[in-house]
1. Taking segment B:152-234, which chymotrypsin sites (Phe, Trp or Tyr not before Pro) meet the DSSP loop condition and have no more than 15 other C-beta atoms within 10 Å?
2. When only Cα pairs under 8 Å and 6 or more residues apart are kept, what is the percent relative contact order across chain C?
3. In Å², what does the accessible area per residue of segment C:153-331 work out to with a 1.4 Å probe?
4. Mind checking the full-extension length gain between C:V314 and C:E250? Use 0.36 nm per residue of separation minus the Cα-Cα distance, one decimal, nm.
5. Which residues of segment C:192-220 show a drop of at least 20 Å² in accessible area when all protein chains are present, compared with their chain alone (probe radius 1.4 Å, heavy atoms only, ligands and nucleic acids excluded)?
6. Could you give the size of the charge dipole of the protein assembly as shown about its Cα centre, using +1 on the Cβ of each K and R and -1 on the Cβ of each D and E, expressed in debye and rounded to the nearest 20?
7. With +1 on each Lys and Arg Cβ and -1 on each Asp and Glu Cβ, how big is the dipole of segment A:22-108 about its Cα centre, in debye rounded to the nearest 20?
8. For chain A, which cysteines have no disulfide-compatible partner, meaning no other cysteine Cβ under 4.7 Å?
Amino acid sequence: MKSFGYTITKDRQIDYDANDRRLIEYVEGIEPSIRICMECGSCSATCTAGHFTDFSIRRLHTLLQRGETLHLRKEIEKCMLCGKCQLVCPRGVNLRNLILIIHQALDKLHHDL
Amino acid sequence: MSKTAIIIGGGVAGMETAGQLNRLGIEVVLIEKQASLGGHLKNWDRLFPDRRESQEVFDYLEKGMNDGISLYLNATISDIREAGGKFTVILEDGRELSSDALVLATGYDLFDARKKEEYGFGIYDNVITSAELEEFFRNNKQKNLFEGVQSKRVGIVHCVGSRDEKVGNLYCSKLCCVTGVKQAIEIRELMPDAEIFCFYMDLRMFDRHFEEMYYEAQEKWGIRFIRGRLSEAAENPDHTILVKVEDTLTGLPLKMKVDLLILLVGFVPSPETKRLAGMLGLKEGDDRFLCPSDEHLLPNSTDHPGVFLAGTLKGPASIAATIVDARAAALQVAEYLVNGER
Amino acid sequence: MKIEGKKQIWNDYQKEIAEDHFFYVRSCIRQNFFPGSEKSFLRIMKEELKKDVYENPSHTTCSGIGYHTDIVPFETSMTMVARQFALMTEAGYENFTTSCITSFGLYSEVLNTWEHEPEMEEKAREFLYKATGREFKKPKNVSHASDVIYRFRKEIAEKGKYRLVNKLTGEPIRVVEHIGCHYSKMFPSKGVGGAEYPYVLIGMIEDWGGEVIDYPERRHCCGFGFRQYLVQANRGFSVSCSKKKFDSMEPYQPEMILTNCPGCPMFLDRWQYAISEMEGKTYGPDGTGIPVLTYEELAGLVLGHDPWDLGLQVHQVPVEPLLDKIGISYDPEKKFKAADGSDIGRPEAPVYLKFYPEQA
């Protein structure tokens, strides 16, 4: 393959139809409370990890909903499982469990993520 | 001698104002341009937030039409004259009706979705409006609508013709959000395995039980919400619709295929309101809806003595709010006719 | 797809296009990119349609490229536009027609600015007078040259030798139309058919016998941009834009792409080659590409002009499969010969994209 001194950029657009949504289906099956998130961001605002890394549990959850699971395994390692997010969530989403189930799902589904 | 009021417009506001005034002992003339009463209410299947049958509300309003109300259907007004505190309304067929007070209750029109060219309404086969969907529900024809639909993914687009300066409507139509959530749940009931998405900028669930309905839509019905205004739609080779939004909560552009795209069309002022307001010299707001004398204190009066306003000609309102407004208008009219106050 | 819906929109965006006596301004870049196009326009207009088209050799760039690259300030652009109008006025013409889409966009922008801010027009008049002593009248009619061809599309079809129909199957040729961004995205009312469903090229395709393909990324820019292309390292952005379009149109199996902008045919054509070399991907059947034509080239083909006179040999995506489908006669031996028969040289054959004439 030739090189012309520039490369073809990967499209940033979320291609919902092409994305693999098995992970979110698995997670939602076990922890249906994640459905009721209203994306307020309280969780991320208080997140211990989010103050020192670019971890955002709110955004991670939204990306998961869209089937965007790239770097997910690495991403959830940043969570310290302190449970503050869950404490502040106005709708009582079981966020701690979300992280735990993602761990479980990644192993179970043998995702290469 | 008893006093007379002419109500122009036989939708929810007009019917309720007429019924109330009639019960207060005022002689009422109700003029409606169409062949039957009910206006937009007749196009609804079930109402938000409790999803009661719209027919129940209509039946109540119709009961108020019983005695003493002179009804003029299929009647278009050609002129309104005024002399010595009396109004004469001249119909196109030459008939003349007179009264001591006028109530305008000429309502709204739905936004013409064709004006949002990039959404492809009227061009793509599977793009419809929320009003069309409601009509399908009402006539139990949903089956036709979803015939041949394979994966059953439905997109519901908020703010079509609202909050959009490009189409001249800066205002929020405020009832589309709850309509979208209601319809999402109703689609889900018909198609339990469908994926249903609402594309919104912010959900304005302002009234009682609305927010709870949003919660229920997520929790019980699994409706998904993507924050981002639809930028454009296109038709795929298989006639499904490709939608493009920015998923503003992830900060990424997003595309997805839907089998059916529903446009939540908002309120626009009706041309008939504009015409009659012109005859009577009434004030229009920047949003082109009519302005009462005082939005807080005299919401049904105008600067034109003896002329009153009721309902959605003043801006988007729910059926519940319209009925309250109509009753307030009736009281205002009665007070004017009895005490001569506006 | 309900065509009536589109027709309604097309009716809403009708623009006036002059009938005769055009003051024609060329593009800065098209004579290098697609050298036969402007020549073909003049030949069609003057010889076949018997119209009066005047060119003044002292016209310059409109400065659109500089303006869009943030090098030339608007006041300067405005004054250069004023100078072109002065040349038109001096020559006794009132109908201004441009070969370039970005010029067309800039002329529209300047005229629109003058309409809303008359003091800007005064400024332009003053600058022009001080710099050159020239004065001008604003044109009565401003059109893009594709508007003009659109206006005469039926006459061209009548005089035409070929139709956009597959000779063997009788099926219409499936055409993707791509409109330059500056044609109507900025001023929808200045484009035939508006900005969402522009009709200017569709009208030609329909009247010349082809079938139009409407695909999801039809509104996406070809990726030219300005600074996005001019800097080599940025070109990945440009090629990615074109690729997005190709990926979107591929399932519809287009047989050609028709364009009305200087940049779009360049990039939609050249990037097919670049993508094939970089990723081995081609978008037509059997390793061919999707031929990309300018509207003047297509009009010329319909009228029976020789493909090599139209400059089709400089296309990087070979046009021969399309010519063969329609049944247009050409001499493969003359592809790389000049008018006097001398050899003009031939490019190195691409690795993946099928090359014509095919090597034995």
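The values are calculated or read from the model by the stated rules, or taken from the named source; none is laboratory data. Note that the coordinates shown come from a computational prediction; the quantities given were computed from them, not determined experimentally. For neighbour counting, all protein chains shown are included, and Cβ atoms are generated from backbone atoms with ideal geometry for every residue, glycine included. These area figures cover heavy atoms from the full protein model, side chains too; ligands, DNA and RNA do not enter into them. Shrake-Rupley method; radii C 1.70, N 1.55, O 1.52, S 1.80 Å.
1. Those satisfying the criteria are B:F206.
2. The value is 19 percent.
3. Value returned for segment C:153-331: 32 Å² of accessible area per residue.
4. So the extension gain works out to 20.7 nm.
5. Residues losing area: C:E196, C:Y197, C:P216, C:E217, C:R219.
6. Once rounded to the nearest 20, the dipole reads 1280 debye.
7. Roughly 80 debye for segment A:22-108.
8. So far as the 4.7 Å Cβ criterion goes, A:C37, A:C40, A:C47, A:C79, A:C82, A:C89 stand without a partner in chain A.
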